[in-house]
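*Asks:* This is the structure, below, for whatever I ask next.
The values are calculated or read from the model by the stated rules, or taken from the named source; none is laboratory data. Being a predicted model, the structure only gives us computed values, none of them experimental. For neighbour counting, all protein chains shown are included, and Cβ atoms are generated from backbone atoms with ideal geometry for every residue, glycine included. The protein model used for the area step is the full one, side chains on, heavy atoms only, and it has no ligands, DNA or RNA in it. Shrake-Rupley method; radii C 1.70, N 1.55, O 1.52, S 1.80 Å.
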Amino acid sequence: MNEIEAQKQYMKKVRKINQNKTFKYTILTMGCQLNENDSEKLCGMLEQMGYERTENQKEADLALFNTCCVRENAEDKLFGKLGELKRLKEEKGVIIAIGGCMMQEKHITDKIKVSYPFVDILFGTHTLHKFPEDLYKALNEKKKIEDVIDIDGEIYEGLPIKRDSHIKASVTIMNGCNNFCSYCIVPYVRGRERSRHPRDIINEIKELAKQGYQEITLLGQNVNSYLRVEREKGIEFDTYEGINSFATLLKAINKIDSIERIRFVSPHPKDFTDDVIEAIATCDKVCKLVHLPLQSGNTKVLKEMNRKYTKEQYLALVEKMKKRIPNLTLSTDIIVGFPGETDDEFEDTLDVVRKVNFEQVYMFIYSRRVGTLGDRMKNQIPEEIKHRRFNKLKTLVEDQIVENNQKYVGTVQKVLVEGESKNNKDLLTGRTDSNKVVIFEGSKDLIGTMQNLKIVSEHMWYLKGEI
Ligand code: SAH
Ligand code: SF4
Ligand code: F3S
């Protein structure tokens, strides 16, 4: 029996324990879109086991956390929540399960076992698919479960999934990362790069197309190195629809009827080969917003970060892409205050931001991560300086956003209508190709369709449109 079949049996067993009752669960997902996609799979499994989602902690029978450890603030958040749950555990015996990236860190699981001994299940990134088995054992044998392994988990196909949206879907195409940027914990908690088989990806997307999904986001920690490791190692796989790289995958997905938009995160500049640029330029469904993580604009800092490109190479790549891809927009990730970064070196980051003129910048204050090279570097930057740099970058970015937003006013934008606006149920919300939020008036049956909207005004984080 294969692993997923075995887990399906456990799902049945849990369902049997839960017979005639509906149990409720809460789930808190921290971290990136990959974690969100993992959570959709956890929800899929839970619903098959007879659980129903609630947002109200007090009525939950099971509280699930899918954790992130990329920066320190996520840790504080988890421990705060666990403190709150202690009473609920004592009062009604809620089952508490914690999974995800943080559970791959031994100092964290040790801390949980000592300080929060009431937690029932700990599981890691490589054992997510075994959640039904872990839950069954926790319920049936009433014992604490720790299911964390340190070897790269296989990619399992065929887990149930409960997606958050009926319009946009995320599809993980590869797991893990081989880059070991010196600030980053991800390679330690997600293991080495391994790609899904092209056939499984295409079949999943064709199925999503049948269900009416309009937009697909391809996910991977290093998404544009899809199948690279397999190619380099000479691993044989029966090619499917000619797919043997990220570029050929984009082209194959572009041919799938009724999918309107294709996005992907996060690519690495070093793997942004010409064939990928070509594919973005020629595939009409691939959005022309590219997320291209910069991290720092200074060549020396980039070297210390182990990013494998210089300031000039990054700028040259941007120029090449702008030339080849009409209407290209870019977004990026930036870290300020990496060990040893001087004021002058930080100025290089501002310089690149000015030159590229990003549509969106995700800004982070450097956070020391146990086990990484960066954490062992002697020249850590004082918090106060990090915050000063962060604020300087933020001011520049916000000025650019306001300026970029002006360019939209008066234009017509193709918008995928995603639903009612959160702040005002009478309005609809959608996104442009460049991922800008547009709020507008319209009838509810436009949800899930593409509309051409005239942009009438800009408001920093969103645009207002009219049909
Ligand atoms: N694999 C993706 C995303 C990694 S995590 C990529 O390479 O782009 C998302 C972002 O978090 C990173 O791009 C980086 O900007 C930020 N990040 C990662 N580790 C960090 C740390 N220790 N401190 C602050 N920001 C960090
Ligand atoms: Fe982390 Fe770098 Fe890998 Fe991204 S590419 S996950 S930043 S190590
Ligand atoms: Fe966080 Fe893990 Fe994603 S550490 S950023 S949830 S891969």
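*Asks:* Being over 26 Å from Lys8 (Cβ atoms), assigned to a helix (DSSP H, G or I) and touching a residue at least 40 places away in the same chain (Cβ under 8 Å) is the filter here, so list the residues in the stretch 29-77 that pass it.
*Replies:* Within the stretch 29-77, Gln33, Asn73, Ala74, Lys77 qualify.
*Asks:* Related question: Quick check: anything in the stretch 288-304 in a helix (DSSP H, G or I), free of Cβ contacts under 8 Å to residues at least 60 places away in the same chain and touching a strand residue (DSSP E or B) at 6+ places or on another chain (Cβ under 6 Å)?
*Replies:* The initial filter retains those residues of the stretch 288-304 that are in a helix (DSSP H, G or I), namely 299-304.
In the following step, the residues that additionally are free of Cβ contacts under 8 Å to residues at least 60 places away in the same chain were identified as 299-303.
After this cut, where a residue has to be touching a strand residue (DSSP E or B) at 6+ places or on another chain (Cβ under 6 Å) as well, the list is none.
Looking for residues that are in a helix (DSSP H, G or I), free of Cβ contacts under 8 Å to residues at least 60 places away in the same chain and touching a strand residue (DSSP E or B) at 6+ places or on another chain (Cβ under 6 Å), one finds none in the stretch 288-304, hence no.
*Asks:* Something else now. Going residue by residue through the stretch 252-267, is there one that turns out to be assigned to a loop (DSSP other than H, G, I, E, B) and within 16 Å of ligand 2 (Cβ to nearest atom)? Reasoning before the result, please.
*Replies:* Initially, the stretch 252-267 is screened for residues assigned to a loop (DSSP other than H, G, I, E, B), giving 255-260, 266-267.
This time we only want the ones that are within 16 Å of ligand 2 (Cβ to nearest atom), so: 266-267.
There is at least one residue in the stretch 252-267 that is assigned to a loop (DSSP other than H, G, I, E, B) and within 16 Å of ligand 2 (Cβ to nearest atom).
*Asks:* Does the stretch 358-388 hold any residues that are in a loop (DSSP other than H, G, I, E, B), within 21 Å of Asn179 (Cβ to Cβ) and more than 16 Å from ligand 3 (Cβ to nearest atom), and which are they? Spell out how you get there, then give the answer.
*Replies:* The first filter runs over the stretch 358-388 and keeps only residues in a loop (DSSP other than H, G, I, E, B), leaving 358-359, 366-372, 377-382.
From what is left, the residues that are within 21 Å of Asn179 (Cβ to Cβ) are 366-372, 377.
Answer for the stretch 358-388, where residues must be in a loop (DSSP other than H, G, I, E, B), within 21 Å of Asn179 (Cβ to Cβ) and more than 16 Å from ligand 3 (Cβ to nearest atom): just Met377.
*Asks:* Just to be sure before I move on: is Ile112 touching a strand residue (DSSP E or B) at 6+ places or on another chain (Cβ under 9 Å), among the β-branched types (Val, Ile, Thr) and assigned to a strand (DSSP E or B) in the structure I sent?
*Replies:* no
*Asks:* Report yes if some residue within the stretch 225-232 is open to solvent by 10 Å² or more (accessible area, probe 1.4 Å), within 17 Å of the chain's Cα centre (by Cα) and within 16 Å of ligand 3 (Cβ to nearest atom); otherwise report no. Steps first, answer last, please.
*Replies:* Just the residues of the stretch 225-232 that are open to solvent by 10 Å² or more (accessible area, probe 1.4 Å), to begin with: 228-232.
Those still in the list that are within 17 Å of the chain's Cα centre (by Cα) too: none.
No, the stretch 225-232 has no match at all.
*Asks:* Given Leu330, Leu315, Leu350, which one is away from ligand 2 (no atom under 16 Å from the Cβ) and in a strand (DSSP E or B)? Working first, answer last.
*Replies:* Working: Leu315 fails: in a strand (DSSP E or B); Leu350 fails: in a strand (DSSP E or B).
Residue meeting the stated conditions: Leu330.
*Asks:* Can you confirm whether Thr329 is open to solvent by less than 70 Å² (accessible area, probe 1.4 Å), assigned by TED's automatic domain parsing to the domain that holds Asp351, closer than 30 Å to Glu341 by Cα and of a type in the set (Val, Ile, Thr)?
*Replies:* On the way: open to solvent by less than 70 Å² (accessible area, probe 1.4 Å): yes; assigned by TED's automatic domain parsing to the domain that holds Asp351: yes; closer than 30 Å to Glu341 by Cα: yes; of a type in the set (Val, Ile, Thr): yes.
So Thr329 passes the test.
*Asks:* While we're on this one: Please work out which residue is nearest to ligand 1 (Cβ to nearest atom), limiting yourself to the stretch 168-199 and to residues that are open to solvent by 40 Å² or more (accessible area, probe 1.4 Å) and farther than 30 Å from Lys303 by Cα.
*Replies:* Restricting to residues being open to solvent by 40 Å² or more (accessible area, probe 1.4 Å) and farther than 30 Å from Lys303 by Cα, the top hit is Lys168.
*Asks:* Regarding Lys89, is this residue away from ligand 3 (no atom under 16 Å from the Cβ), over 21 Å from Ile112 (Cα atoms), in the same structural domain as Asp120 (by TED's automatic domain parsing) and surrounded by fewer than 18 Cβ atoms within 10 Å (Cβ to Cβ)? Steps first, answer last, please.
*Replies:* Working: away from ligand 3 (no atom under 16 Å from the Cβ): yes; over 21 Å from Ile112 (Cα atoms): no; in the same structural domain as Asp120 (by TED's automatic domain parsing): yes; surrounded by fewer than 18 Cβ atoms within 10 Å (Cβ to Cβ): yes.
No; evaluated as a whole, the condition is false for this residue.
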